[in-house]
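*Asks:* Let me begin by handing over the structure; questions about it come next.
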Amino acid sequence: MTAGDSWASPPTLGPGGGSVVRRILLGSQLRRLRESHGITREAAGYSIRASESKISRLELGRVSFKARDVEDLLTLYGVTDGAEREALLSLVKEANSTGWWHSYSDVLPGWFQTYVGLEAAASQIRGYEAQFVHGLLQTEAYAHAVVEQGMRGAAPEDIDRRVALRLERQKLLVAEQAPDLHVVLDESTLRRVHGGPDVMRGQLEHLIELAERPQVTLQIMPFTRGWHAGESGSFTLLTFPESDLSDVVFLEQLTSALYLDKREDVAQYEKAMTRLAGQCPTPEESTALLRSMLTEFA
């Protein structure tokens, strides 16, 4: 993903592990090589028997790569060194690998598959939630209640599979290289009861437990604070260990999503996240607030 681009409802990619990131990185490398040699997208497309738009999609990491196409492009761009060619071609296999969530594709929207891949590759995840507890922090019972409400009329087995997918995503938090997670939950996410008092009690207890983990920072934005920097709604900021990959802002919509990486857009959301964290009670005070809420479900 190159700076200055945004995605709206990206296509189903079916990536694996960090393959979404590998695809974006490979596309970025190819774009830089093309531009450094003054070659147009049209000319690059002609060299691989494709259109200018196909080159654009390749450079943005939105479609899968064929080894033959990459080899032809590298030749066109004057990359003759064997080691350099091999390094780039090795990315093709990684970029086209299948993710663990591929088996959930029947219940996983195509536009969300990209997010799961980016989330799995992120070194830092920051976000504000105004409607529900963040998916990485949900208990199984809470997730089931939320999914059941959101998929009214769906078969029970489809609901169970969607919940299983959410729980599988949560394994990130106990992985060897777990990302730093900083979430601000609006108080409304905890006052809105999903699944009944027992479910909410279990969810609050789970949040208190998670807040004690060193890589998790959890803050609650209480109603009493009035206006705050999250007025535009929920958002997620993803940061990656690869220096060539810019931060991404994920904005979920009803039937699609936006993936923003323009520097000016990302900067605005980073400012919003910083302001939210400053306007909230501290993590310690937020945990105390959670304990206070827990007494209401005793």
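*Asks:* Which residue fluctuates most in the GNM of the chain (Cα springs below 10 Å): 99, 82, 127?
*Replies:* Highest fluctuation of the listed residues: 82.
*Asks:* Would you mind calculating the relative contact order of the chain from Cα pairs under 8 angstrom and at least 6 residues apart, reporting the percent as a whole number?
*Replies:* Working: 472 pairs, mean separation 69.2, N = 298.
Rounded, it is 23 percent for the chain.
*Asks:* Write down the accessible area per residue of the chain in Å², having rolled a 1.4 Å probe over the full set of protein chains.
*Replies:* Ligands and nucleic acids excluded, the figure is 46 Å² per residue.
*Asks:* Separate question: What percent antiparallel are the DSSP beta bridges of the chain, to the nearest 5?
*Replies:* On the way: 15 of 27 bridges.
Taking every DSSP beta bridge with both residues in the chain, the antiparallel ones total about 55 percent.
*Asks:* Separate question: What's the center-to-center distance, using Cα atoms, between the stretch 120-139 and the stretch 178-231 in Å?
*Replies:* Result: 10 Å between the Cα centres.
*Asks:* Mind checking the full-extension length gain between residue 106 and residue 176? Use 0.36 nm per residue of separation minus the Cα-Cα distance, one decimal, nm.
*Replies:* Working: separation 70, 0.36 × 70 = 25.20 nm, distance 2.92 nm.
Additional length available on full extension: 22.3 nm.
*Asks:* Taking N as the number of residues in the stretch 11-149, what is its Cα Rg relative to 2.2 N^0.38 Å? Walk me through the intermediate numbers first.
*Replies:* Details: Rg = 18.3 Å, N = 139, 2.2 N^0.38 = 14.3 Å.
Its radius of gyration relative to the 2.2 N^0.38 Å reference: 1.28.
*Asks:* Could you let me know the centre-to-centre spacing of the stretch 79-98 and the stretch 260-281, using Cα atoms, in angstrom?
*Replies:* When both Cα centres are located, 35 Å separates them.
*Asks:* In Å, what Kirkwood hydrodynamic radius results for the stretch 93-251 from the alpha-carbon pair distances? Don't jump to the answer; show the numbers that get you there.
*Replies:* Values: mean 1/r = 0.0597 Å⁻¹.
After inverting the pairwise mean of 1/r, the radius is 16.8 Å.
*Asks:* While we're looking at this one, here's another question. Over what distance in Å are the Cα centres of the stretch 140-170 and the stretch 17-70 separated?
*Replies:* 37 Å
*Asks:* Residue by residue through the stretch 112-126, which ³J(HN,Hα) values in whole Hz follow from phi under the Karplus form 6.51 cos²θ - 1.76 cosθ + 1.60 (θ = phi - 60°), with glycine and proline marked x?
*Replies:* 8, 4, 4, 4, 4, x, 5, 4, 5, 9, 6, 9, 8, 10, 10
*Asks:* Based on the Kirkwood radius over alpha-carbon pairs, what value in µm²/s does the Stokes-Einstein equation return for the translational diffusion coefficient of the stretch 58-108 at 20 °C and 1.002 mPa s?
*Replies:* Numbers: Rh = 12.5 Å.
Taking Rh from Cα pairs, D becomes 171 µm²/s.
*Asks:* Once phi is turned into θ = phi - 60°, what whole-Hz ³J(HN,Hα) does the Karplus curve with 6.51, -1.76 and 1.60 give for every residue of the stretch 275-292, x standing for Gly and Pro?
*Replies:* Working through the residues one at a time gives 5, 4, 4, x, 7, 7, x, 5, x, 5, 5, 5, 5, 4, 5, 4, 5, 5 Hz.
*Asks:* So, one more: Given N residues in the stretch 115-192, what is Rg(Cα) / (2.2 N^0.38 Å)?
*Replies:* Details: Rg = 13.3 Å, N = 78, 2.2 N^0.38 = 11.5 Å.
In units of the globular-protein estimate, the stretch 115-192 measures up at 1.15.
*Asks:* Okay, moving on. I want to make sure I understand the PRE zone here: with the label point 7 angstrom from the Cα of residue 256 toward its beta carbon, which residues in the stretch 102-118 have backbone N atoms less than 20 Å away?
*Replies:* 108-118
*Asks:* Same structure, new question: Take every Cα-Cα pair in the stretch 179-298 and report what % of them are more than 20 Å apart. Present the calculation step by step, with values, prior to reporting the outcome.
*Replies:* Values: 3585 of 7140 pairs.
Result: 50 percent of Cα pairs exceed 20 Å.
*Asks:* Another one. Looking at the stretch 157-214, which trypsin sites (Lys or Arg not before Pro) are in a loop (DSSP not H, G, I, E or B) and have at most 10 other Cβ atoms within 10 Å? Intermediate values should be presented prior to the final figure.
*Replies:* Details: sites: 161, 162, 166, 169, 171, 191, 192, 201; in loops: 192.
For trypsin sites (Lys or Arg not before Pro) across the stretch 157-214 that sit outside H, G, I, E and B with at most 10 neighbouring Cβ atoms in 10 Å, the list is empty.
*Asks:* Around residue 182, which amide H atoms from residues at least 5 apart in sequence, or from another chain, sit under 5 Å from its own amide H, with H modelled in the peptide plane?
*Replies:* Amide H neighbours of residue 182: 125, 126, 127, 217.
*Asks:* Right, here's the next one. Rounded to the nearest angstrom and ordered from largest down, what semi-axes does the equivalent ellipsoid of the stretch 206-247 get from its C-alpha gyration tensor (root of 5λ)? Working shown, then result.
*Replies:* Values: eigenvalues 128, 77, 9 Å².
Three semi-axes, in Å: 25, 20, 7.
*Asks:* Percent of accessible area on the chain owned by carbon and sulfur, 1.4 Å probe? It would help to have the intermediate numbers written out before the result.
*Replies:* Values: 6730 of 13820 Å².
So the carbon and sulfur contribution to the accessible surface is 49 percent.
*Asks:* Relative to the compact globular guide of 2.2 N^0.38 Å, what is the alpha carbon radius of gyration of the stretch 175-241, as a ratio?
*Replies:* Working: Rg = 13.9 Å, N = 67, 2.2 N^0.38 = 10.9 Å.
The stretch 175-241 yields a ratio of 1.28.
*Asks:* How long are the semi-axes of the equivalent ellipsoid of the chain, taking √(5λ) for every eigenvalue λ of the Cα gyration tensor, in whole Å from largest down?
*Replies:* Here the semi-axes work out to 40, 20, 16 Å.
*Asks:* Now, a different point. With the chain treated as a Gaussian network of Cα nodes joined by springs under 10 Å, which of 110, 135, 78 yields the largest mean-square fluctuation?
*Replies:* Of 110, 135, 78, the Gaussian network model singles out 78 as fluctuating most.
*Asks:* Per-residue HN-Hα couplings for the stretch 249-256, Karplus 6.51 cos²θ - 1.76 cosθ + 1.60 at θ = phi - 60°, whole Hz, x for Gly and Pro?
*Replies:* Whole-Hz 3J(HN,Hα) from phi for the stretch 249-256: 9, 10, 10, 7, 10, 5, 10, 6.
The values are calculated or read from the model by the stated rules, or taken from the named source; none is laboratory data. Source: prediction; values computed, not measured. Cβ sites come from the backbone with ideal geometry, for glycine too, and all protein chains shown count toward neighbours. For the accessible areas, the whole protein counts, side chains as well, though only heavy atoms, and no ligand, DNA or RNA atoms are used. Shrake-Rupley method; radii C 1.70, N 1.55, O 1.52, S 1.80 Å.
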